[in-house]
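Contents: one structure, followed by commentary.
Since every read-out is calculated from the coordinates, none of them should be taken as a lab result. Fair warning: this is a prediction, and the values are worked out from it, not measured in the lab. All Cβ positions, even for glycine, are placed from backbone atoms using ideal geometry, and neighbour counts span all protein chains on display.
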Amino acid sequence: MRVLLICDDFYHPGQVPIEGTAQLKEHGFLFDVITDAKEFKTEMLEAYPVVILCKSDQASAQDKARWKTNDVQQAFISYVEKGGGLLAIHSATVAGEKTEKMDKLLGSRFTFHPLESPVTVKPITPHPITERVGMFCEVDELYRMKIISDDVDIIIASYSPPQGDPSKYEEEPVHNSDAWIDTSGYVRLQGKGRVCVLTPGHTLAVWQNPEFQKLLKNAIRWCAGQ
């Protein structure tokens, strides 16, 4: 299956998902990669059964210009509603100044994260995406998510123990001051298409973890309707 991978922004080097998906080629997945959003054309979407989005609203690591224009957001909505599969990972959930349409399509918005720390990821709901996927732990950013759609089916949760380090966030003066558990994986349907959101993935160690590799394989296939 040929998949379009759109990645790379200032805080999230594209090399992480590029290397993180490399092993999936052994399972029949081929990836066409776009790291500079200036090279993205909305008509490209129609050529792929699944698009993996790992990019915030920054054109690239070197260019912080917005790229999720109204036309781009509407193209993703149309792509999904016509039957396309969208797999949004980590930084794809970071909202921009004017990404309301894309945020609604994904069904959530990133709010903040504590310092990188050991994060335990655990499937909590039986689903084709979580099939044969076990709990795992890697150093990562535990994303705090605001769910904005009422039709999401949460299938994965993450936990990070208290760290005790001072935080810049008013919401959490001390990093992980409580036993934080947050949504880290869910699915939703729109039109004829499927959307899956996975929030782990700041570090290459997460992407290369065998259990996360299973999640990726399952999620791509599910998004493709398989």
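Brief remarks on what is shown
- A simple count of charges around Phe110, restricted to other residues whose Cβ falls under 9 Å of its Cβ and scoring Lys, Arg +1 and Asp, Glu -1, yields +3.
- Among beta bridges that DSSP assigns inside the chain, antiparallel share in %, nearest 5: 60
- Unit charges at the beta carbon, dipole of the chain: most positive-side option, Trp222, Thr69, Pro200: Trp222
- When the listed pairs Lys64/Lys122; Lys146/Lys214; Lys41/Lys104; Lys41/Lys192; Lys38/Lys122; Lys25/Lys146 are checked against a 31 Å cut-off, the alpha-carbon distance exceeds it for Lys64/Lys122; Lys38/Lys122; Lys25/Lys146.
- Cysteines, the chain, no other Cys beta-carbon under 4.7 Å: Cys137, Cys196, Cys223
- Against the empirical 2.2 N^0.38 Å (N residues), the chain has a Cα radius of gyration ratio of 0.95.
- The ranking of Arg66, Arg188 from fewest to most other beta carbons within 10 Å of each one's beta carbon is Arg66, Arg188.
- The amide H of Glu138, built 1.01 Å from its N in the peptide plane, has Val119, Val121 as neighbours under 5 Å, considering only residues 5 or more places off or on other chains.
- A simple count of charges around His202, restricted to other residues whose Cβ falls under 11 Å of its Cβ and scoring Lys, Arg +1 and Asp, Glu -1, yields -4.
- Of Asp150, Asp63, Asp103, the sequence from fewest to most neighbouring Cβ atoms within 10 angstrom is Asp150, Asp63, Asp103.
- Each of the chymotrypsin sites (Phe, Trp or Tyr not before Pro) that DSSP puts in a loop and that has at most 15 other Cβ atoms within 10 Å breaks the chain; the longest unbroken stretch is 12-226.
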